[in-house]
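Below you'll find the structure, written out as structure tokens, and then a few comments.
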């Protein structure tokens, strides 16, 4: 396999490193134009447009959008249809995801207030969004775990209505996805997808209710549509290809690390898998493991294309330097594959999720560890966070100024308002001053 191997001591390292990281987030112009047309059409014609696009793109004919809605009984039937092992796994994963997000709610999702010395009350009121939409991929890419990761934090946040949309090409419904919707407490679910589903959620139709925020992954059309409707509604993020970065000190079984690199490379050809290690012999062992294990992988062609196109094995001077490079990359998934993970964790500032220790495979975080698997990609972990309870809440400031407080704050506000030329602001504050 033609997998890049770099060294930080090489004179051309910086140029080669930038080639590894380069990825254009620009959406194809034709997709942008088509999405804009679909959004405008759904906004203008509502259900009729949604039905037409669903028939065209998903080969699913229906007389009404109401006929595309999944009932609670259908979701329950799907839950009962899957195997007992699948039911147990869904419920165990859901319980862990719920437990984690309930702790998140306790830590950051509560209202608070205080009174200062003059009796003025200041604080913050935290309230859930009224209605959210979650987009779940369908067809070949069916992800019940995404249902749990999007719906459960919304539920924990207190959102009273969660609307799920999921494409079902040719009418093929994935029982695990429907069962996950049942377990996660989805309020309503529609078998529609693509840009038309995003438009229906953003603008509302006669059948699909308008939501306040749309979360969840999708293809290029879905990503473009979310970008277009942002401002009309909130969105979680514009996700790029999946990424994993492994920092390895050479103490982990190289087969484990090779498979961890595969776990992201198998998503698609643009996914990125990088290993950073100060141990040249260990990098050679991981490369040998890759060559040994790859032929046995069902998605070996996708994995190989991903590793050759965007993957790299990078020899660093030290683990400290590996941590510095990791902060430059700001990866979606960051594994610290070391027998001393807590020694290195304080040095790591930018990552969507940090997986500590050899036994903490990224795949556990994807499915059942508890923290959310909807993570910032393409270096956006430098300024954004995983999906969480806080994404389904908003905060209102609370201000109650006492009479004594008005005497203290009024002159300050008036002075600044006069300086800005806003006499109405100034006089409103001055009128409350004692004569």
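The numbers here are math on the coordinates, done by the rules we state, and not lab data. Keep in mind it's a predicted model, so treat the numbers as computed, not measured. Methodologically, a virtual Cβ is constructed for each residue, glycine included, from the backbone with ideal geometry; neighbour enumeration extends over all protein chains shown.
For the peptides 239-247, 255-263, the ranking by packing is 239-247, 255-263, with the highest mean count of neighbouring Cβ atoms within 10 Å listed first. Per-residue extension of 0.36 nm, minus the Cα-Cα distance of residue 110 and residue 232, leaves a gain of 41.3 nm for this segment. Alpha-carbon geometry of the range 24-64: the Rg and the Dmax are 12.2, 41 Å, given in that order. Protection proxy ranking of 118-126, 171-179, 7-15, by the mean of other Cβ atoms within 10 Å over each peptide's residues and highest first, is 171-179, 118-126, 7-15. Taken over the Cα atoms of the chain, the convex hull encloses 200 Å³ per residue. Dividing the alpha-carbon radius of gyration of the range 1-72 by the rule-of-thumb value 2.2 N^0.38 Å gives 2.05.
DSSP beta bridges confined to the chain are antiparallel in about 30 percent of cases.
Starting from the Cα of residue 398, step 7 Å toward the Cβ, then list every residue of the range 114-140 with an amide N under 13 Å from that point. The answer is 114-116, 120-127.
Here residue 88 and residue 12 are evaluated by their C-beta separation; at R0 = 60 Å the FRET efficiency comes out at 0.70. Its convex hull of Cα atoms gives the range 292-435 a direction-averaged projected area, equal to a quarter of the hull surface, of 16.3 nm². Normalised by the number of residues in the chain, the average gap of Cα pairs under 8 Å and 6 or more apart makes the relative contact order 20 percent. Can you tell me how the range 1-146 classifies by the Cα gyration tensor, rounded, prolate or oblate, using a/c under 1.5 as the rounded cut? Rounded, since a/c falls under 1.5. From the Kirkwood radius over Cα pairs of the range 369-435, Stokes-Einstein at 4 °C and 1.567 mPa s returns a whole-number translational diffusion coefficient of 81 µm²/s. Counted residue by residue at 0.36 nm each, then reduced by the alpha carbon distance between them, the extension gain from residue 63 to residue 34 reaches 8.0 nm. Secondary structure note: in the range 165-307, about 0% of the DSSP beta bridges are antiparallel.
Put a dot 7 Å past each Cα toward the Cβ at residue 121 and residue 416; how far apart are the dots in nm? Result for the modelled spin labels: 2.3 nm. Per residue of the chain, the DSSP helices (runs of n ≥ 4 H) give a summed -39500 (n - 2.57) that works out to -14000 deg cm²/dmol at 222 nm.
Judged by the mean number of other Cβ atoms found within 10 Å, the most tightly packed of the peptides 214-222, 106-114 leads the ranking 214-222, 106-114.
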